[in-house]
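Peer 1: Here's a structure for you.
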Amino acid sequence: MSRIGTMPIQIPDGVTITVGTSTVTVKGTKGELSQDYHKSIVKINLEDKVCTIERKSESKQAKSMHGLYRKLIHNMVVGVTEGFAKVLLVNGVGYRAELRGDVLVLNLGYSNPIEYPVPEGITINVEGNNRIIVSGTDRQQVGQVSAEIRGFRPPEPYKGKGIRYENEYVRRKIGKTGIK
C-alpha cells in the first residue's frame with residue numbers, strides 16, 4: 001500500500017471539495033483550483049471534513065497514481081487556505097530587481113534588462129533590490145515561475161553571482177592560480 005496515498009486529507013473550515021466525473025475542484029478563501037483525475041484508476045471519497053483516496057485495482061499505474069492524486073488534492077487544499085511562496089535572492093554587483101506594474105524588471109549584467117511579465121494567479125513582491133518573493137495558490141505554478149526567474153542567471157560557483165533560492169547552498173570553487 002502507498003503510505004502517502006492511504007493518509008486521509010483533513011478539510012479545514014471554509015474549504016469545499018467537489019468531485020465531478022473526472023475533475024476535483026477545491027474552493028477556499030484564496031481562490032479555486034481544479035485537477036483532472038482518472039476515474040478508472042482511483043476513487044475519491046468525501047466524509048465529514050475528511051477526504052480519502054482509494055485505488056480501484058492493484059495495477060502498477062494505479063499504485064503510482066494513488067499517492068500522486070492524494071498529494072495533488074492536499075496541495076490544492078493547502079493552496080486555497082494558506083498559499084505557497086518561494087523566495088529568490090539576487091547576488092552580484094549591479095544586479096537588482098524591481099517591479100513595474102505587472103512586469104518584473106531584472107538587471108543581471110546583460111546589455112539590456114530582462115522584462116518578465118507576471119503570470120495570472122501569481123503575485124511577485126520585491127523587497128529592497130535583491131529579494132524576490134513569488135507567491136500564489138498553485139504550488140506547481142509557483143515553482144515553475146521561480147525556476148524561470150532563476151534560469152535567467154543561475155548562481156555561478158566562483159563568485160556566487162546570480163539568482164538563487166533563499167535556502168539553496170551554492171558550492172563554491174577556487175579559481176585558477178598562476179604557476180610559479
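The values are calculated or read from the model by the stated rules, or taken from the named source; none is laboratory data. What you see is a predicted model; the values in this text were computed from it and never measured. A quick note on method: Cβ atoms are made from the backbone with ideal geometry, for glycine too, and the neighbour counts reach across all protein chains shown.
Peer 1: Condition check: farther than 19 Å from TYR165 by Cβ, under 20 Å from the mean Cα position of the chain (by Cα) and polar (S, T, N, Q). Does THR81 satisfy that?
Peer 2: Taking the combined requirement at face value, the residue satisfies it.
Peer 1: For the stretch 127-154, which residues satisfy the criterion of being of a type in the set (Asp, Glu) and either surrounded by fewer than 19 Cβ atoms within 10 Å (Cβ to Cβ) or part of a strand (DSSP E or B) (or both)?
Peer 2: GLU127, GLU148
Peer 1: Mind checking which residues of the stretch 1-28 are among the polar types (S, T, N, Q) and loosely packed, with under 13 Cβ neighbours inside 10 Å?
Peer 2: GLN10, THR16, THR18, THR21, SER22, THR23
Peer 1: Which numbered condition in (1) touching a Lys or Arg at 6+ places or on another chain (Cβ under 7 Å); (2) closer than 22 Å to GLN140 by Cα; (3) at pLDDT 90 or above is the only one that ASN91 fails?
Peer 2: (2)
Peer 1: Quick one: would you say GLY83 is over 28 Å from VAL170 (Cα atoms) and either surrounded by 15 or more Cβ atoms within 10 Å (Cβ to Cβ) or of a type outside the set (Asp, Glu) (or both)?
Peer 2: Spelling it out, it is not the case that GLY83 is over 28 Å from VAL170 (Cα atoms) and either surrounded by 15 or more Cβ atoms within 10 Å (Cβ to Cβ) or of a type outside the set (Asp, Glu) (or both).
Peer 1: Take SER34 and tell me if it is at pLDDT below 90 and surrounded by fewer than 16 Cβ atoms within 10 Å (Cβ to Cβ).
Peer 2: no
Peer 1: Separate question: Just checking: which of the strands (runs of 3 or more DSSP E) contained wholly in the stretch 9-126 hold 3 or more residues that are among the hydrophobic types (A, V, I, L, M, F, W, C) and either in the same structural domain as ARG139 (by TED's automatic domain parsing) or touching a residue at least 40 places away in the same chain (Cβ under 8 Å) (or both)?
Peer 2: Filter on the stretch 9-126 gives 50-55, 84-91, 103-107.
Peer 1: Taking the criterion of being surrounded by 16 or more Cβ atoms within 10 Å (Cβ to Cβ) and within 22 Å of the chain's Cα centre (by Cα), would at least one residue in the stretch 99-114 satisfy it?
Peer 2: Yes, because at least one residue in the stretch 99-114 is surrounded by 16 or more Cβ atoms within 10 Å (Cβ to Cβ) and within 22 Å of the chain's Cα centre (by Cα).
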